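Asker: Encoded as structure tokens, here's the structure I'll be asking about.
The values are calculated or read from the model by the stated rules, or taken from the named source; none is laboratory data. The model shown is predicted, which means the values in this text are computed figures rather than measured ones. Virtual Cβ from ideal backbone geometry, glycine too; neighbours counted across all protein chains shown. When the accessible area is computed, the model is the full protein with side chains, heavy atoms only, and any ligands, DNA or RNA have been set aside. Shrake-Rupley method; radii C 1.70, N 1.55, O 1.52, S 1.80 Å.
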There are 2 protein chains.
Amino acid sequence: MAKTDTAEQSRSRRERILDAAFHTFSTKGYRDTAVDDIAGAAETSKGGIYFHFPTKEAIFRELMATTADKLVGKVERAVALETEPVARAEAAIRAVLATFAGHRTMARLLFLDTIGAGRVFQTETNALHERFARLIQGYLDEAVAAGAIPPHDTRITSIAWFGAINEVVGRWLLADSAGKLEDAYPPLRAALLRSAGVPEKRVGPMPMPQPGVEFPETKR
Amino acid sequence: MAKTDTAEQSRSRRERILDAAFHTFSTKGYRDTAVDDIAGAAETSKGGIYFHFPTKEAIFRELMATTADKLVGKVERAVALETEPVARAEAAIRAVLATFAGHRTMARLLFLDTIGAGRVFQTETNALHERFARLIQGYLDEAVAAGAIPPHDTRITSIAWFGAINEVVGRWLLADSAGKLEDAYPPLRAALLRSAGVPEKRVGPMPMPQPGVEFPETKR
DNA sequence: AGCGACCGACCGACCAGTCGGTCGGTGCGA
DNA sequence: TCGCACCGACCGACTGGTCGGTCGGTCGCT
């Protein structure tokens, strides 16, 4: 019963700060976000923030970690629903695109601002990319073991997959009158599956660019 | 004869500054590079720099543009040597990897720091990626026209290619005891060609990860 | 003398992090 | 039930430092 004693909303102040930071970081980027900005957005003060967090960097790190966790969780849950190796890979791709499509800000934080943070975070970013690449590699290795695709250098392939997905999402993020991200799924799926050596008949017909499917000119 | 009147070395002061900026930016990143740092490295003064350039940003932009030009030039020259469509694509991939392998700093500037700059440069970066994606798309469309690969959504495929290459290079850059970047070529080439629908017989056998070929663990 | 290249002290804006202080509870003794 | 000591969340003015950009001045040429 006695939980949110302070007539505060359901969420604790700490979480309010996290939310505000998430939003601000993903809008303005790490460097261009002043702690005062976060304080303002969270309707608190700088001092209040520094009561809950030791440094600005710590806020960012926590955000990164939990966001990445959420995404990985979604992917793993989506993959668990499938048993056939190639279908699992497809589910993973779809889960990522769907998540980002629904949460543009999440994408921004993970794939743009992360990088926009600065030298200190190179390591952080690196670990994040590494993590996703390994995740993919795991699925690819599974597929190889199941005989769904020929054995090959799954390490490089997984890196390539991640890079490809990343770039497609990035492109979409920066195209301001962006179409639906989901539209990129069919061609991307085909390209990725093929790249890993999935038999042609399993991939299906080459998807053609339908008018309006491709991203519009990215603006000035 | 009367060229470098000031008993300066061959290069003009302006170029010295550019070189120093290039080096410093690609080592420390844009935000962490102070104009004074550049001045120090160029053996000149802040005032001297501001005589030649209006802003710090302008230096960076110029560097980006010329570096990108150089890379595009290399790719185009390499591609021009081939006539068969798939071979042209292969040449492009090889040229990029070879260039980066030889000039780690160039890679850093173009693909890491660019992004590490901040909001202002999002546009810049975007244009750069766009440019390379279009370059690739051109080659793919050529290949389609020549009947070397089936028609499909070359836009997404080109974005995926760029993303894949980018990520492989990025991974290599951040792996500190990195192996040779060229080792990534065979598997990457295979993955990319296949993803675009190049017939299996043209791609050749699946390259296996040879011991030492893959990138070593990226360090903590 | 005049000029263009260059110098470096200085200015002002910005910002992460600190610290003394406020204030709404809460537990407890009378 | 009142009063009081105490506590921990929170506040915001302030500090220390950084850095882009400016400007008055110097120096070597012509």
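Asker: Using 0.36 nm per residue of separation minus the Cα-Cα distance, give me the extension gain between A:Thr55 and A:Thr123 in nm, one decimal.
Answerer: That pair, A:Thr55 and A:Thr123, stretches by 22.7 nm at full extension.
Asker: I'd like the interface area for chains A and B: accessible area of each alone minus the complex, both sides summed, 1.4 Å probe, protein heavy atoms only. What is it in Å² to the nearest 100?
Answerer: Separately minus together, A and B give about 4600 Å² buried.
Asker: Rounded to the nearest 10 Å², what accessible area does A:Arg202 show when all protein chains are kept and the probe is 1.4 Å?
Answerer: 80 Å²
Asker: Relative to the other copies, what are the label-point distances for B:Lys74, with labels 7 Å from Cα along the C-beta vector, expressed in nm at one decimal and sorted shortest first?
Answerer: 3.7
Asker: Right, something else. Report the far tail of the P(r) of the stretch B:60-203, meaning the percent of Cα-Cα pairs longer than 22 Å.
Answerer: 38 percent
Asker: What distance in nm separates the two pseudo spin-label positions at A:Glu15 and A:Asp32, each 7 Å out from Cα along the beta-carbon direction?
Answerer: 3.0 nm
Asker: What does the net charge come to around A:Ala101 if you take all other residues with beta carbon closer than 11 Å to its beta carbon, with K and R at +1 and D and E at -1?
Answerer: +1
Asker: At 7 angstrom along the Cα-to-beta-carbon line, where would the label on B:Ser12 sit relative to the other copies? Give the distances in nm, shortest first.
Answerer: Spelled out, the distances from B:Ser12's label point are 6.2 nm.
Asker: List the distances, in nm and shortest first, from the label point of B:Glu200 to the matching label points in every other copy, placing each point 7 Å from Cα along the Cα-to-Cβ direction.
Answerer: Once sorted, the set of distances for B:Glu200 reads 0.9 nm.
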